[in-house]
Amino acid sequence: MLPSLAAAQAAPTPIVFQNAAVHDPSVIKVDDMFYVFGSHLAAAKSRDLMKWQQVSDGVTASNPLFLNGASNVFTELAETFSWAQSSTLWAADVKRMPDGKFYMYYNACKGDSPRSALGIAVANNIEGPYVDKGIILKSGMWGQPSHDGTIYDALKHPNAVDPHVFSDRAGKLWMVYGSYSGGIFILALNPSTGMPLPGQGYGKRLMGGNHARIEGAYVMYSPATSHYYLFTSFGGLDSTGGYNMRVARSLNPDGPYVDAQGNDMAAVRSDPTKPLFDDASIAPYGVKLMGSFLFERSLGDTGTGIGTGYVSPGHNSAYVDPASGKHFLIFHARFPERGEQHEIRTHQLFMNADGWPVVAPRRYTGETLGAVRREFVQGDYMLVNHGKDISATIKKSQPIALNADGTITGAVGGSWLLTGSNGIEIRLPGASPYKGVFINGWDETAKSPAMTFSAVSREGISLFGSRLPPRTEAQVVNAVAAELSLGNTSAVTANLALPTRGTRGAVITWTSSNPAVISNTGVVTSPANGDVNVTLTARIAKGNTVVTKTFAVTVRKAGGLLAHYTFDGNLADANGIFGAGSVTGNRIDAPGGSIAFEAGVKGRAAVFDGASGVRLPNGLIASQNYSVALWLKPAALTAFSTTFFGARTTESWVSLLPMGHGGVGGASMLWSGTAWYDAGLGMTIPVGRWSHVAFTVRNGAVNVYVDGSKRFSGAGFPNVFTGTSGVFALGVNWWDAPYRGAMDDLRIYGSALSDADIAALVRQ
């Protein structure tokens with residue numbers, strides 16, 4: 001259990017997580033160990049649901065789950081792969097049967113159609129090796145009889161994927177499965193063989209159809225309510241798909257399952273008259289437990305970064321601990337500004353006053369539901385309203401206060417009530433009461449305990465709240481002022497993003513000393529005749545408390561040279577505007593490393609040893625109009641090794657590669673991860689010889705040059721450098737092998753140079 005609030009504020013006990021990646025995790029507990037199995041033959045294990053150890057990953061011949069002498073997953077499941085016309089596996093589920101053995105319900109799907117095979121493999125040990133017992137269901141047999149004897153129809157027949165096998169309270173064995181296509185189905189199984197009982201066809205449909213984006217079915221029985229809870233995920237699973245977890249319940253394992261409004265989920269399906277994956281038809285149904293959200297860290301809040309939250313969380317499993325009665329939700333999640341990277345997450349589940357699950361807003365850290373005192377739960381909160389939509393939009397937190405008089409003020413108004421020892425009831429305009437619980441949690445951003453609440457309405461909408469530490473108005477505005485920054489303002493060429501909000505609703509207003517050059521809203525008009533110095537003043541207000549902070553800004557002459565790194569025995573900016581570069585190790589923020597100097601094209605050149613890089617000052621580029629030019633002499637060519645690298649985040653970046661990926665045949669390229677833009681040059685710069693490489697960007701129009709000749713021209717290049725806090729480096733990024741070779745005469749301009757300008761740089 002977490003320490004008390006007072007103790008935690010004085011000296012919080014560090015919480016340690018160890019993360020692993022298993023997509024579509026399905027949980028099973030064996031002795032004192034939790035295992036999750038998922039897609040792509042990935043598995044992980046944990047004793048505490050906090051520190052996960054990867055067991056396997058990837059459908060390869062060496063995956064230990066199926067490795068048994070000369071036999072491997074491809075030999076064992078050859079028939080499955082052949083039928084599905086696929087080389088990978090989707091969400092697996094493992095169940096221990098009465099014979100003591102472990103039955104893995106595996107499945108493979110073609111992906112662009114519901115042509116799938118679902119089968120069983122058995123092992124004596126949970127970690128394998130598993131031996132195939134054969135396919136039990138097939139789908140996608142176009143124009144042919146299906147398992148129920150009728151011609152297969154993807155609008156009403158299931159896609160045979162995503163199985164979950166469970167026993168009901170009477171000991172009867174069931175399997176729920178299905179995805180998109182005809183919906184979610186349930187079959188009765190033979191506990192002796194694990195096979196479907198005869199005469200069921202595909203079984204009974206529980207929800208979905210007409211290609212509704214509903215998948216990842218999982219059933220949990222709760223002794224606390226005597227209900228079966230059917231979890232599903234609505235929407236698309238990737239970072240832009242709006243994946244979200246929903247639940248319905250029934251007194252019977254095979255339904256009917258209803259939502260909090262009493263809607264029979266068997267009637268929930270897409271409109272057949274509309275295009276495939278019609279989310280609007282299904283969005284109103286089910287209790288939405290969690291979608292994409294962010295407890296946003298605001299200016300002045302404790303910690304660093306953008307905050308804590310998830311993108312497209314879903315395809316969950318659930319576990320009820322028979323000893324403690326604790327309920328757990330285990331799922332995969334992506335994360336804001338981290339693209340498609342995913343990891344396992346575990347949150348506690350609690351039953352509200354109406355018997356509906358609510359999810360602890362913070363990930364599980366061993367906390368236990370207990371009595372709370374009113375004075376410990378009132379105060380400032382970050383509020384997330386998950387809504388009912390299926391959308392890629394991340395629901396960001398808003399500031400509210402639970403006041404001592406029972407009112408809610410801030411971004412939304414209403415009332416709140418502490419019910420019983422730890423219950424909460426929230427009333428907001430236009431909605432039925434939200435009922436849930438208060439529970440201590442761990443704020444990963446602030447690295448401290450935080451009181452939280454979670455509640456759900458009869459409309460099936462969930463609220464998350466996370467309490468902020470108590471602060472006075474003066475403490476709030478001073479914290480905002482202390483953190484408020486505009487980045488590097490010594491060479492501004494683009495509009496400034498001027499923050500207007502701080503923590504707890506603090507308001508920031510701006511005044512410019514020269515609005516003709518920088519407006520009060522940050523619009524920059526570059527001078528034509530020389531640099532101009534401007535003072536920006538921020539007024540930070542919370543209630544009746546106000547502080548001010550000033551910033552000196554130099555607006556550069558339009559199109560001028562911003563930075564010039566000559567490498568003449570040092571890493572200084574010869575232009576005198578930006579600071580010197582600093583040596584790094586083998587990654588952009590790794591310590592160590594060493595840079596040497598040798599004779600270059602002009603004077604001296606920097607030598608990169610393949611284990612070191614150079615971190616340049618932040619904010620070198622802050623617009624969508626810029627040019628980068630430098631001389632390169634690679635000592636070796638390695639795919640993905642960068643020379644010039646600039647990034648807004650780890651998912652939004654630009655990289656100049658002497659050797660690109662296979663998609664451009666290994667040619668040199670300008671690459672962006674923001675929209676996976678591949679500017680391949682159709683040639684590779686030579687090893688051991690100097691080449692002049694340059695690229696220009698003008699509002700999405702991009703040109704790349706080698707030795708003054710244009711090698712690539714395109715449109716729609718991503719707008720990466722939207723502010724003055726961009727990160728820049730030479731020879732290294734966050735992931736790949738460092739560059740080995742020499743660099744000379746790096747020039748960065750605040751405009752897109754012409755063809756003639758680039759050619760002139762080569763001749764200089």
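For segment 251-263, a tally of residues being more than 32 Å from the chain's Cα centre (by Cα) and over 12 Å from residue 230 (Cα atoms) returns 1. Restricting attention to segment 90-107, the residues that are assigned to a strand (DSSP E or B), under 18 Å from residue 218 (Cα atoms) and of a type outside the set (S, T, N, Q) add up to 8. Of the residues making up segment 272-289, just one is more than 15 Å from residue 259 (Cβ to Cβ), of a type in the set (A, V, I, L, M) and not in a loop (DSSP other than H, G, I, E, B), namely 280. Scoring residue 29 on the criteria (1) in a strand (DSSP E or B); (2) at positive phi leaves a single failure, condition (2).
Regarding residue 148, is this residue free of Cβ contacts under 8 Å to residues at least 40 places away in the same chain and either of a type in the set (D, E, K, R) or outside the structural domain of residue 70 (by TED's automatic domain parsing) (or both)? Taking the combined requirement at face value, the residue does not satisfy it.
The rows are residues; the columns are (1) touching a His at 6+ places or on another chain (Cβ under 9 Å); (2) of a type outside the set (A, V, I, L, M, F, W, C).
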position	(1), (2)
684	no, yes
697	no, no
705	yes, yes
718	no, yes
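Among the residues of segment 389-422, which ones are of a type in the set (Gly, Ala, Ser) and either in contact with a Gly (Cβ under 7 Å, 6 or more places away or on another chain) or not in a loop (DSSP other than H, G, I, E, B) (or both)? 391, 392, 401, 410, 414, 415 - these are the residues of segment 389-422 that are of a type in the set (Gly, Ala, Ser) and either in contact with a Gly (Cβ under 7 Å, 6 or more places away or on another chain) or not in a loop (DSSP other than H, G, I, E, B) (or both). Taking the conditions (1) outside any loop (DSSP other than H, G, I, E, B); (2) among the aliphatic types (A, V, I, L, M); (3) surrounded by fewer than 24 Cβ atoms within 10 Å (Cβ to Cβ) in turn, residue 36 satisfies each one other than (3). Taking each residue of segment 287-303 that is farther than 25 Å from residue 329 by Cβ and looking for partners that are hydroxyl-bearing (Ser, Thr, Tyr) and in a strand (DSSP E or B) with beta-carbon atoms closer than 8 Å, six or more apart or interchain, yields 302/448.
Out of 741, 723, 731, 716, one residue alone is on the phi > 0 side of the Ramachandran plot, touching a residue at least 40 places away in the same chain (Cβ under 8 Å) and either surrounded by fewer than 21 Cβ atoms within 10 Å (Cβ to Cβ) or out of contact with any strand residue (DSSP E or B) (no Cβ under 9 Å at 6 or more places or on another chain) (or both). It is 716.
Among the residues of segment 575-598, those that are modelled with pLDDT under 95 and over 37 Å from the mean Cα position of the chain (by Cα) comprise 575, 576.
In segment 188-202 there is no residue that is at pLDDT 95 or above and touching a helix residue (DSSP H, G or I) at 6+ places or on another chain (Cβ under 9 Å). Among the strands (runs of 3 or more DSSP E) confined to segment 680-726, the ones with at least 1 residues that are aliphatic (A, V, I, L, M) and within 21 Å of residue 646 (Cα to Cα) are located at 691-698, 701-706. Note on segment 473-505: residues that are within 29 Å of residue 577 (Cβ to Cβ), out of contact with any strand residue (DSSP E or B) (no Cβ under 8 Å at 6 or more places or on another chain), among the aliphatic types (A, V, I, L, M) and part of a helix (DSSP H, G or I) amount to 1.
Would it be correct to say that residue 628 is under 23 Å from residue 496 (Cβ atoms), among the hydrophobic types (A, V, I, L, M, F, W, C) and in a strand (DSSP E or B)? Criteria met by residue 628.
Selection over segment 552-582 of residues that are surrounded by 17 or more Cβ atoms within 10 Å (Cβ to Cβ), on the phi < 0 side of the Ramachandran plot and of a type in the set (A, V, I, L, M, F, W, C) gives a count of 8. Scanning segment 157-190 for residues that are assigned to a loop (DSSP other than H, G, I, E, B) and either surrounded by fewer than 20 Cβ atoms within 10 Å (Cβ to Cβ) or of a type in the set (Lys, Arg) (or both) yields 168, 169, 170, 171, 172, 190.
Scan segment 665-679 for residues that are hydrophobic (A, V, I, L, M, F, W, C) and assigned to a loop (DSSP other than H, G, I, E, B) and the total you get is 3.
Among the residues of segment 87-114, those that are in contact with a helix residue (DSSP H, G or I) (Cβ under 6 Å, 6 or more places away or on another chain) and either closer than 25 Å to residue 330 by Cβ or crowded, with 21+ Cβ neighbours inside 10 Å (or both) comprise 88, 89, 90, 91, 108, 109. For segment 633-655, a residue qualifies if it is part of a strand (DSSP E or B) and either surrounded by fewer than 24 Cβ atoms within 10 Å (Cβ to Cβ) or of a type in the set (Lys, Arg) (or both), and the qualifying residues are 633, 647, 648, 649, 652, 653, 655.
Quick check: anything in segment 494-505 surrounded by fewer than 18 Cβ atoms within 10 Å (Cβ to Cβ) and more than 34 Å from the chain's Cα centre (by Cα)? No, segment 494-505 contains no residue that is surrounded by fewer than 18 Cβ atoms within 10 Å (Cβ to Cβ) and more than 34 Å from the chain's Cα centre (by Cα). Restricting attention to segment 191-218, the residues being buried (at least 24 other Cβ atoms within 10 Å of the Cβ), in contact with a Leu (Cβ under 7 Å, 6 or more places away or on another chain) and in a strand (DSSP E or B) number 2.
Within segment 598-618, residues that are assigned by TED's automatic domain parsing to the domain that holds residue 568 and farther than 28 Å from residue 734 by Cβ reach partners that are outside any loop (DSSP other than H, G, I, E, B) and small (Gly, Ala, Ser) with beta carbons closer than 9 Å, at six or more positions or on different chains, in the pairs 599/605. Scan segment 97-114 for residues that are closer than 17 Å to residue 157 by Cβ and in contact with a Ser or Thr (Cβ under 7 Å, 6 or more places away or on another chain) and the total you get is 4. In this structure, is residue 318 in a loop (DSSP other than H, G, I, E, B), of a type in the set (A, V, I, L, M) and modelled with pLDDT of 95 or more? When the stated conditions are applied, residue 318 does not pass them. Which of the residues belonging to segment 245-271 are of a type outside the set (Lys, Arg), buried (at least 21 other Cβ atoms within 10 Å of the Cβ) and in a strand (DSSP E or B)? 245, 247, 248 - these are the residues of segment 245-271 that are of a type outside the set (Lys, Arg), buried (at least 21 other Cβ atoms within 10 Å of the Cβ) and in a strand (DSSP E or B). Is it true that residue 65 is surrounded by 18 or more Cβ atoms within 10 Å (Cβ to Cβ), at pLDDT 95 or above and in a strand (DSSP E or B)? It is false that residue 65 is surrounded by 18 or more Cβ atoms within 10 Å (Cβ to Cβ), at pLDDT 95 or above and in a strand (DSSP E or B). Of all the residues in segment 336-377, those that are of a type in the set (Val, Ile, Thr) and part of a loop (DSSP other than H, G, I, E, B) number 3.
I'm checking my understanding of the structure. Among residues of segment 364-408 that are in contact with a Leu (Cβ under 7 Å, 6 or more places away or on another chain) and among the basic types (Lys, Arg), which one is surrounded by the fewest Cβ atoms within 10 Å (Cβ to Cβ)? The residue in question is 374.
The values are calculated or read from the model by the stated rules, or taken from the named source; none is laboratory data. Predicted model, so just to flag it, every value in this text is computed and none were measured. Reconstructed Cβ throughout: ideal geometry from the backbone, glycine too, with neighbour counts over all protein chains shown.
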